[in-house]
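Below is one structure, written out as structure tokens; comments come after it.
The values are calculated or read from the model by the stated rules, or taken from the named source; none is laboratory data. Model, not experiment: these values are computed from the prediction. Don't worry about glycine lacking a Cβ; one is built from the backbone with ideal geometry, like all the others, and counts go over all protein chains shown. Protein only, heavy atoms only, side chains kept; ligands, DNA and RNA dropped before computing areas. Shrake-Rupley method; radii C 1.70, N 1.55, O 1.52, S 1.80 Å.
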Amino acid sequence: MAWRSSWRLGAPLRRGSSPGWKQAWGRRSIASCIDPSVGLTEEQKEFQKVAFDFAAKEMAPHMAEWDEKEIFPMDTMRKAAQLGFGGIYVRPDVGGSGLSRLDTSIIFEALSTGCVSTTAYISIHNMCAWMIDTFGTEELRRKFCPPLCSMDRFASYCLTEPGSGSDAASLITSAKKKGDTYILNGSKAFISGGGDADVYIVMCRTGGPGPKGISCLVLEKGTPGLNFGKKEKKASSLFLRQVGWNSQPTRAVIFEDCAVPVSNRLGEEGQGFNIAMKGLNGGRINIASCSLGAAHASVLLARDHLKIRKQFGELLAKNQYLQFRLAEMATSLVAARLMVRNAAVALQEGREDAVALCSMAKLFATDECFAICNQALQMHGGYGYLKDYAVQQFVRDIRVHQILEGTNEVMRMLVARNLLEA
């Protein structure tokens, strides 16, 4: 593995000479109460350091520019793939790193301190590669996984439709079997990487209504009839610019009589919904981990600001109310991290409570981490609302985490269902 090389943690992150980005992630405070390496094995600490170092050197210096100019940083992501981050939990025989769900969470948390939006896309790409590795035939694994793990090719996950968000089982994109192909018609909405990605994992209806009528197909860019909507921008009354996640393109994906080989199906007909949900269980851990990275960085930003900002003749760090709020932020961060890592272990072990624990972790971590980032912005006062300061971007980028991969309202439904059916 590339990350086994000798690495060291990078210097504090900066964005040019702008004062608002000075020591943006602060000192990592290895001995502090929020140290993310506590409880990890030596090997886990090693690749965590690699991820932190990559975030510091390759992501954080460009985070604001990627956001402002809506740049999809393919070259940077390919550099991440050289470290094994393109197929973290894909099997090694097709180019993956073969790491665990807990290892994956640790890596995504570290990378997100450099750029949440870019890391979130990498997490979606990893989920797609894992789905092909897990449910694809040997031919599909050999064809798609190696270039996905190297990120020579990028992947997108296509589940959400204009008329079916949380109610994913009601999707209407259809695939009619005709000989040895499916004829695919319909559209998907809010697809990360749409138009720029090379491989699309598409949930479509091959049977009757409900979840048992859904199958999963792998579609390649360039397939006749595969089209893309306009990139989400502010320039049109029909297409609105996203609040966050601006370093990844988001488009509608449109299918008009696309011919897809039957051999490109993952699993059997009717298994698509189960495949989608299994993918999302891991996706919920991944996106919660991205929230952890943003919250960790924001706690350090808030701490450093309190230690240098003076009001009423003394440092803000001496104000007991702000001390208490900082303590609450740190406590919530550590609690969320423990919950996410516990769920990651449960998912890796295939435990019966894994779905509920992943839902709990996603619900708690994304809610609490957003509150942490928002409070960090508040502690910065008016400066926190300026785009020269990193904290505002963390707030914008992780707000959507409470919505995607299943809204937090749906997470509550899944947890309640588990309790009531016990």
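Quick notes on this structure:
- Criterion violated by Glu269 - all others in (1) open to solvent by less than 10 Å² (accessible area, probe 1.4 Å); (2) in contact with a strand residue (DSSP E or B) (Cβ under 7 Å, 6 or more places away or on another chain) satisfied: (1)
- Residue within segment 104-116 that is over 22 Å from Asn342 (Cβ atoms), of a type in the set (Asp, Glu) and modelled with pLDDT of 95 or more present: no
- Within segment 392-422, restricting attention to residues that are touching a Cys at 6+ places or on another chain (Cβ under 7 Å) and aliphatic (A, V, I, L, M), the residue that is farthest from Leu306 (Cα to Cα) is Ile398.
- Taken over segment 159-176, the criterion of being loosely packed, with under 15 Cβ neighbours inside 10 Å and either more than 16 Å from Cys216 (Cα to Cα) or out of contact with any strand residue (DSSP E or B) (no Cβ under 8 Å at 6 or more places or on another chain) (or both) is satisfied by Pro162, Gly163, Ser166, Asp167.
- Filter pass, Asp304 being out of contact with any Cys (no Cβ under 9 Å at 6 or more places or on another chain), of a type in the set (Asp, Glu) and surrounded by 15 or more Cβ atoms within 10 Å (Cβ to Cβ): yes
- Segment 191-227, residues that are in a strand (DSSP E or B) and among the basic types (Lys, Arg): Arg205
- Look at (1) modelled with pLDDT under 95; (2) under 25 Å from Tyr157 (Cβ atoms) and you find that Gln402 fails only one, number (1).
- Per-region count, segment 346-364, residues touching a residue at least 12 places away in the same chain (Cβ under 8 Å) and open to solvent by 50 Å² or more (accessible area, probe 1.4 Å): 5
- Applying the set (1) among the aromatic types (Phe, Trp, Tyr); (2) touching a Phe, Trp or Tyr at 6+ places or on another chain (Cβ under 8 Å); (3) modelled with pLDDT of 95 or more to Phe52 leaves exactly one unmet item: (2).
- Glu256 fulfils the conditions (1) surrounded by fewer than 17 Cβ atoms within 10 Å (Cβ to Cβ); (2) modelled with pLDDT under 95 except for a single criterion, (2).
- Taking the criterion of being within 13 Å of the chain's Cα centre (by Cα) and open to solvent by less than 20 Å² (accessible area, probe 1.4 Å), the residues of segment 366-405 that qualify are Thr366, Asp397, Ile398, His401.
- Being open to solvent by less than 50 Å² (accessible area, probe 1.4 Å), touching a helix residue (DSSP H, G or I) at 6+ places or on another chain (Cβ under 9 Å), in contact (Cβ under 8 Å) with a residue 60 or more places away in the chain and within 17 Å of Ala371 (Cβ to Cβ) is a description that applies to Arg337.
- Listed here are the helices (runs of 4 or more DSSP H) enclosed by segment 48-158 that have at least 2 residues being open to solvent by 10 Å² or more (accessible area, probe 1.4 Å) and touching a strand residue (DSSP E or B) at 6+ places or on another chain (Cβ under 8 Å): 116-135.
- Every pair of residues 6+ apart whose Cβ atoms lie under 7 Å, when the first sits in segment 148-163 and is within 14 Å of Val253 (Cα to Cα) while the second is open to solvent by less than 50 Å² (accessible area, probe 1.4 Å) and of a type in the set (Lys, Arg): Cys158/Lys188; Thr160/Lys188; Glu161/Lys188
- First in segment 277-292 and in a helix (DSSP H, G or I), second anywhere and at pLDDT below 95 and open to solvent by 10 Å² or more (accessible area, probe 1.4 Å), Cβ under 6 Å, 6 or more apart: Leu280/Glu405; Gly283/Glu405; Arg284/Glu405; Ile287/Glu405
- Residue match in segment 210-228 (condition: open to solvent by 10 Å² or more (accessible area, probe 1.4 Å), of a type in the set (A, V, I, L, M, F, W, C) and touching a Leu at 6+ places or on another chain (Cβ under 8 Å)): yes
- With respect to the conditions (1) part of a loop (DSSP other than H, G, I, E, B); (2) open to solvent by 30 Å² or more (accessible area, probe 1.4 Å), Ala416 falls short on a single one, namely (1).
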